[in-house]
Amino acid sequence: MKPAVTARIYRPTPRNLALLARVLAQGGLVAAPTETVYGLAADALNAKACRAIFRAKGRPADDPLIVHVDSVTQAGEIAELNDAARKVARAFWPGPLTLILPKRPAVPAIVTSGLPSVAVRMPAHRAFRELIRRSGRPLAAPSANPFGYVSPTTADHVRDGLGQRIQYILDGGFAKIGVESTILDLRDPNKPALLRPGAISREELERVLGRKVAAYRHKVRPATAAVAPGMLERHYSPRTPMTLTRKLTRNHVQQAGTNEALLFVQRPTGLVGKNVFWLSDEPDGLNQAAHRLFRQLRFLDNGKWSHIHAEFASGSGALARAINDRLARAAAKRK
Ligand code: TXA
Ligand code: MG
């Protein structure tokens, strides 16, 4: 028998926010919305509470957590801010940007997997900010999904994945951006480097910093991922086998079996079929594509499909890169 669902979904009323902030202050776990994806939050200064995050997600201890703050002052209490960090924080916080900085002693080793650096971000979602403010502490929060599965963009997604392992989920609607934050390594302000592509581009960061930012290095470039998906770290993955091509065409639709789904980035014109899906129905609608990416992968994964054929987003903007990074990892073969 499956364990019972213990999670309850709370609307962000002042009363519920007060209750959930109390849960956090007492060392409990609360899943909560951010503008990127839902996070599974705990008091970042409480090692025991943070250990419970790793347990609930089945996350390996060597994968460090992001700490969420409500002010630059609070960021300065957990990380050593340099001038470069202050500059990008001023430009992009609150927002989908995480900074890797030298950590302060207050942060327990479990949060950073023993590293001398810590990941910090100020999220833009009002309800999450309110939780940080009311709980009076920085909140460590990885994405609120079982380790390796598709990230959650609604409260229901969180309940589907972690409902038997946690008790509290704050509902903040459908996550606006839909892909995780851009991660910028600023440990050495003279050598900034992109560690994960997200909605904020490397070019935007370079403009604010006034210097080059080392590019994110995928193990395999997206264009070659279909050839060697096993080279990529598997993550964000549906259970249904998935393959990627540069561009899906009429031929792919004609050749696919009726139990195989096709996932276009833009709604295809003149192609219909019960197995034809898309991320965006606006022309060049990459915002919408990112917003719907994880929801569509979950939707297809819960369907009767034996295979998902997907295509890469075209273009070189931040969202195209973020979408393609997640797609490539989703399609990577199990090791
Ligand atoms: O948008 C987001 O960033 C979401 C929301 C909830 O804020 N969070 C998120 O967390 O995506 P998570 O745990 O799924 O990804 C955090 C990643 C880790 O996998 C790790 O690669 C990186 O952040 N990270 C954390 N601390 C680090 C450190 N000290 N050095 C290098 N990378 C670090
Ligand atoms: Mg994650």
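Laid out as a table, the results:
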| item | result |
| --- | --- |
| Residues satisfying the stated conditions in the range 148-176, i.e. assigned to a loop (DSSP other than H, G, I, E, B), within 12 Å of ligand 1 (Cβ to nearest atom) and in contact with a Phe, Trp or Tyr (Cβ under 9 Å, 6 or more places away or on another chain) | 148, 149, 150, 151, 152, 153, 172, 175 |
| Of all residues in the range 124-174 being among the aromatic types (Phe, Trp, Tyr), more than 13 Å from ligand 2 (Cβ to nearest atom) and buried (at least 19 other Cβ atoms within 10 Å of the Cβ), the one that is nearest to residue 90 (Cα to Cα) | 128 |
| Odd one out for residue 67, checked against (1) more than 15 Å from residue 135 (Cα to Cα); (2) within 15 Å of ligand 2 (Cβ to nearest atom) | (1) |
| Residues of the range 57-71 that turn out to be touching a strand residue (DSSP E or B) at 6+ places or on another chain (Cβ under 7 Å) and either surrounded by fewer than 21 Cβ atoms within 10 Å (Cβ to Cβ) or assigned to a loop (DSSP other than H, G, I, E, B) (or both), as a count | 3 |
| Lone qualifier among 49, 41 - being among the aliphatic types (A, V, I, L, M), assigned by TED's automatic domain parsing to the domain that holds residue 116, within 18 Å of residue 165 (Cα to Cα) and away from ligand 1 (no atom under 15 Å from the Cβ) | 49 |
| Which numbered condition residue 67 misses (of (1) within 24 Å of residue 319 (Cα to Cα); (2) away from ligand 1 (no atom under 14 Å from the Cβ)) | (2) |
| Residue match in the range 26-49 (condition: touching a Phe, Trp or Tyr at 6+ places or on another chain (Cβ under 9 Å), more than 16 Å from ligand 2 (Cβ to nearest atom) and not in a strand (DSSP E or B)) | yes |
| Where a residue in the range 235-246 is closer than 15 Å to residue 323 by Cβ and its partner, wherever it lies, is modelled with pLDDT of 95 or more and surrounded by fewer than 18 Cβ atoms within 10 Å (Cβ to Cβ), with Cβ under 6 Å and at least six apart | none |
| Complete set of residues in the range 299-335 that are over 20 Å from residue 143 (Cα atoms) and β-branched (Val, Ile, Thr) | 308 |
| Whichever residue in the range 215-248 is outside any loop (DSSP other than H, G, I, E, B) and modelled with pLDDT of 95 or more and, among such residues, is nearest to residue 314 (Cα to Cα) | 245 |
| Pairs where the first residue, in the range 47-73, is over 21 Å from residue 105 (Cβ atoms) and the second is aromatic (Phe, Trp, Tyr), C-beta under 8 Å, 6+ apart | 57/147; 58/147; 59/147; 60/54; 60/147; 63/147 |
| Of all residues making up the range 109-122, the number that are buried (at least 18 other Cβ atoms within 10 Å of the Cβ) and under 24 Å from residue 58 (Cα atoms) | 8 |
| Tally, over the range 175-203, of residues that are surrounded by fewer than 23 Cβ atoms within 10 Å (Cβ to Cβ), of a type in the set (Asp, Glu) and within 24 Å of residue 320 (Cα to Cα) | 2 |
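The values are calculated or read from the model by the stated rules, or taken from the named source; none is laboratory data. Note that the structure is predicted; figures quoted are calculated from it, not measured. So basically every Cβ, Gly included, is an ideal-geometry build from the backbone, and we count neighbours across all protein chains shown.
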